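What follows is a single structure, written as structure tokens, with notes after it.
The values are calculated or read from the model by the stated rules, or taken from the named source; none is laboratory data. Just so it is clear, the model here is predicted, and its values are computed rather than measured. Note that each Cβ is placed from the backbone with ideal geometry, even for glycine, and that neighbours are counted across all protein chains shown. SASA here: full protein model, heavy atoms, side chains in, ligands and nucleic acids out. Shrake-Rupley method; radii C 1.70, N 1.55, O 1.52, S 1.80 Å.
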Amino acid sequence: MKKVRAIDFIVLIFSLILCLGCAFVFGACGPKEDGSWMVCHWAEKAVIMLVALCSILALLKVVCANDGVRLGLAAAIFCNSLTAVFVPGRIFPLCKIAQMRCHLIMKPAVFTVGILLCALCLLDALLLFKKVYSKENA
């Protein structure tokens, strides 16, 4: 039976918080009066896509037994979450008015949770790297 590590569940929870939070809680601005979307809507959709992939990878990381594969999954989650941090306002522009929802709620929330997810994955990758390569040298 595979021993499940707590950090794997924490990474999964943070990925789901970022994905579901961006979709339902701290999303971008709503549609305009004419029904069209502002540019920040597409930044939200890009973040959701990236962190949905992080959630799938985190779920695979929970069920995987091989430390080397888990190391690769941690690196992939790190890269995707770091990319998601840079999407709102840097890769995709946000609204021109600084008091809009995308500037006040979405951008700081994605930055905060994304950086925490990056830090967790980096820590996990370092621990797994040490574990994998100490096994090979022993």
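Values for this structure:
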| read-out | value |
| --- | --- |
| Rel. contact order, % - alpha carbon contacts under 8 angstrom, at least six apart, the chain | 31 percent |
| Theoretical ellipticity at 222 nm over the chain - DSSP helices of four or more residues, -39500 (n - 2.57) apiece, nearest 500 | -23000 deg cm²/dmol |
| P(r) of the chain over all Cα-Cα pairs, binned every 10 Å from zero, in whole percent | 13, 40, 25, 14, 6, 1, 0 |
| Using a Förster distance of 25 Å, the FRET efficiency for Gln99-Ser36 (Cβ separation, nearest 0.05) | 0.75 |
| Accessible area of the stretch 30-118 divided out per residue, in Å², using a probe of 1.4 angstrom | 51 Å² |
| Protection proxy ranking, peptides 58-67, 77-86, 120-129, average beta carbon neighbours within 10 Å, highest first | 77-86, 120-129, 58-67 |
| Sites Leu20 and Arg90 - FRET efficiency at Förster radius 25 Å, r taken between beta-carbons, to 0.05 | 0.65 |
| The stretch 98-138 pair-distance distribution - Cα-Cα, 10 Å bins, rounded % | 27, 27, 20, 15, 9, 3 |
| Share of carbon and sulfur in the accessible heavy-atom surface of the chain [1.4 Å probe, %] | 73 percent |
| Peptides ranked, highest mean first, by Cβ atoms within 10 Å: ranges 45-54, 9-18, 90-99 | 45-54, 9-18, 90-99 |
| Overall form of the stretch 1-67 per C-alpha gyration tensor (a/c, 1.5; a/b vs b/c) | prolate |
| Accessible surface of His103 - all protein chains present, 1.4 Å probe, nearest 10 Å² | 60 Å² |
